[in-house]
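The values are calculated or read from the model by the stated rules, or taken from the named source; none is laboratory data. For clarity, every value in this text was computed on a predicted model and none was experimentally measured. Note: ideal-geometry Cβ built from the backbone for every residue, glycine included; neighbour counts use all protein chains shown.
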Amino acid sequence: MAHWTVGSGPDLVLVHGTPASSYVWRRVAEKLQANWRVFLFDLPGYGISDQFEGQDVRLRSQAKVLAELLRHWGLDRPRIVGHDFGAAAVMGAHLVEGCPVRDLVIADGVVLNPWGTPYSLLIQQNIKVFEQIPPHIHAAAMAEHLRGTTSRYLPDAEFAPLLAPWLGEKGQKAYYRQVEQYDHDFTARLETLYPKVAVPLSVLWGEEDRWIPIAQGERFAKLAPGATFTRLPDAGHFLMLDCPNTVAGLIDRA
């Protein structure tokens, strides 16, 4: 599994979502490394980590992987930040796998049912059809899908690394594998555990999120005792790409 560490200071782990990789955190990590020892990684099946037929990439499995990784790194009560799908992995690592944490930051997270974009759910419901789609059509559809993650238009130099892991035969299969294994039962389980959160929890949400409505973030924050909720104007679902300086500052001060 691909992973990196930058900076020095208290331990902080950044967990990406889907369809993404640790690339989305790069500018935030650059800002945080002055005050924190920042850990980044590509979840199994994502980015440059292994992708293969039959791979288990369900949420519950990613929570276990994160828990194992925290133990491997020898981290004692780190601050953990989870975005999108990674938010459920973070909450699962803490609430289900029992990983101790200093505090938690959840950003535009997949933390409550229902979740999944109309496009990804269409794929899930018609997976055998989509598996036959030619690569160039998949590439065009995937590019349009990812363009909806930010409120600003990403220039090609920024956008290309976001799209690249999901192109070609291997990338196309990897994305469909993720969607086919959407794990709504796990988020349903997590919903029953949020009232047991006993560490500080900060929730960040882009007001322009077109993938997960901000009302869902507000509802999540009300389930966890003492959670704070911060709205980010002009930020979309990938808020760290829209306003990395603001996001880094909020994580730093959480």
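Tabulated values for the structure
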| item | result |
| --- | --- |
| Among the residues listed as Ala34, Ala20, Ala63, the single one being at pLDDT 95 or above, in a loop (DSSP other than H, G, I, E, B), crowded, with 23+ Cβ neighbours inside 10 Å and out of contact with any Lys or Arg (no Cβ under 8 Å at 6 or more places or on another chain) | Ala20 |
| Residue match in segment 78-93 (condition: part of a loop (DSSP other than H, G, I, E, B) and modelled with pLDDT under 95) | no |
| Selection from segment 123-182 of residues that are assigned to a helix (DSSP H, G or I) and basic (Lys, Arg) | Lys128, Arg147, Lys170, Lys173, Arg177 |
| Single condition Gly54 does not satisfy, out of (1) in a strand (DSSP E or B); (2) free of Cβ contacts under 8 Å to residues at least 24 places away in the same chain | (1) |
| Subset of segment 230-243 [closer than 19 Å to Asn113 by Cβ and more than 17 Å from the chain's Cα centre (by Cα)] | none |
